[in-house]
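Colleague: Have a look at this one.
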Amino acid sequence: MNLDSVIDILLLAFMAVIAIAIVRIRDLFGIAMLFSIFSLLSAGVFTVMDAADVAFTEAAVGAGISTILMLATLTRTARKEKPSNSKNPAVALIVVFVTGALLVFGTSDLPRFGDPQAPVHQHVAPRYIEESPKEIGIPNMVTSVLASYRGYDTLGETTVIFTAGIAVMALLGMRRSRRREDDEEID
Amino acid sequence: MRFLQLYNYEIAIFLAMVGLYIVVSSGNLVKKIAGLSMFQISVFILYISMGVVEGGTVPILIEGVQRYSNPLPHVLILTAIVVGVATTAVALSLVIRINEAYGTAEEDEIHEQDESF
């Protein structure tokens with residue numbers, strides 16, 4: 001076992017601990033902070049797994065912007081989670097265990113972790129690795145694939161973000177104008 | 001042992017299931033969304049795990065390096081992270097609207113007001 005996999009397992013163990021902590025606590029501010037740590041640790045895991053670009057994005061967007069959005073929501077809603085009466089933890093546990101068991105069963109015949117002979121490395125990846133520096137002319141293969149070979153994916157992504165932006169503005173913009181009317185009525 | 005060689009996938013599944021548990025068992029909408037985001041991050045880890053090559057390096061061209069990790073999962077997950085945050089933003093603004101209409105972000109109280117359950 002080399003150092004990489006030791007760090008990998010340690011970080012994943014930290015993530016598991018934080019995940020359990022998020023289940024246990026009821027203070028939503030604490031949940032937002034723990035979620036930020038969870039996200040940052042996952043960025044560390046991505047770095048260990050040689051995915052530098054993903055780690056950058058996760059640290060900036062996942063740990064940063066998500067947390068800010070969550071905190072902004074908390075300023076407008078309650079700070080504490082109330083104990084739920086209608087929820088039965090046993091039902092949730094059964095659902096989770098069955099789903100988890102099925103997923104573990106489903107992944108049990110995957111090629112072992114890090115196997116260079118795995119089918120995922122045999123299809124288009126060798127072409128991206130060997131040809132993209134010559135064809136596109138930039139050393140970062142992830143950027144070449146993102147912006148050129150799979151440029152349409154990125155265009156679709158931009159469309160989704162644009163739509164989400166419009167949705168957020170529609171949801172929160174209407175609220176502001178209505179509040180203004182309410183204020184006028186009070187006056 | 002086969003089970004031990006897949007540790008990354010198994011921990012990712014465990015984290016995803018903790019996220020799913022939060023979504024199912026929690027009554028607070030903000031916490032539910034946090035659980036959903038946790039599930040999402042676990043799926044990212046699952047995908048990136050598949051791109052790992054033993055002895056490979058970051059997929060940036062370096063003189064003399066022959067073995068790189070697979071860049072394709074990285075690209076897919078880069079897209080997924082950004083889209084994930086966009087959908088989280090929509091979900092959270094929906095929570096703000098719900099909180100304004102019902103005065104609460106707790107599922108039980110919303111159902112009570114609706115008399116649906």
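Colleague: Working carefully through the options A:28, A:74, A:69, find the one that is at pLDDT 90 or above, within 29 Å of residue B:108 (Cα to Cα), within 7 Å of chain B (Cβ to nearest Cβ) and in contact with an Asp or Glu (Cβ under 8 Å, 6 or more places away or on another chain).
Modeller: Working: A:74 fails: in contact with an Asp or Glu (Cβ under 8 Å, 6 or more places away or on another chain); A:69 fails: in contact with an Asp or Glu (Cβ under 8 Å, 6 or more places away or on another chain).
Criteria check complete, one pass: A:28.
Colleague: Now a separate question. Give me a count of the residues in the stretch A:43-57 that are aliphatic (A, V, I, L, M) and under 13 Å from the mean Cα position of the chain (by Cα). Give the derivation first.
Modeller: Kept after step one, since they are aliphatic (A, V, I, L, M), are these residues of the stretch A:43-57: A:43, A:45, A:48-49, A:51-52, A:54-55.
Pick out the ones that are also under 13 Å from the mean Cα position of the chain (by Cα) and you get A:43, A:45, A:54-55.
The number of residues fulfilling the criteria is 4.
Colleague: If I filter the stretch A:82-102 for residues that are within 18 Å of the chain's Cα centre (by Cα) and under 24 Å from residue B:47 (Cα atoms), do I get at least one hit?
Modeller: Scanning the stretch A:82-102 turns up no residue that is within 18 Å of the chain's Cα centre (by Cα) and under 24 Å from residue B:47 (Cα atoms).
Colleague: Restricted to the stretch B:33-60, and to residues that are more than 7 Å from every other protein chain (Cβ to nearest Cβ) and in contact (Cβ under 8 Å) with a residue 40 or more places away in the chain, which residue is nearest to residue A:50 (Cα to Cα)?
Modeller: Applying the filter and picking the extreme gives B:40.
Colleague: Right, here's the next one. Filter the stretch A:110-144 down to residues that are more than 8 Å from every other protein chain (Cβ to nearest Cβ) and assigned to a loop (DSSP other than H, G, I, E, B), then give me how many there are.
Modeller: Number of matching residues: 7.
Colleague: Right, something else. Filter the stretch A:81-95 down to the residues that are of a type in the set (S, T, N, Q) and at the interface with chain B (Cβ under 7 Å from one of its Cβ atoms) and list them by number. Full working, then the answer.
Modeller: So the first thing to find is which residues in the stretch A:81-95 are of a type in the set (S, T, N, Q), and the list is A:84-86, A:88.
Listed by number, the residues that qualify are A:84, A:85, A:86.
The values are calculated or read from the model by the stated rules, or taken from the named source; none is laboratory data. This one's a predicted model, so the numbers in the text were calculated from it and none came from an experiment. We place every Cβ from the backbone using ideal geometry, glycine too, and count neighbours over all the protein chains shown.
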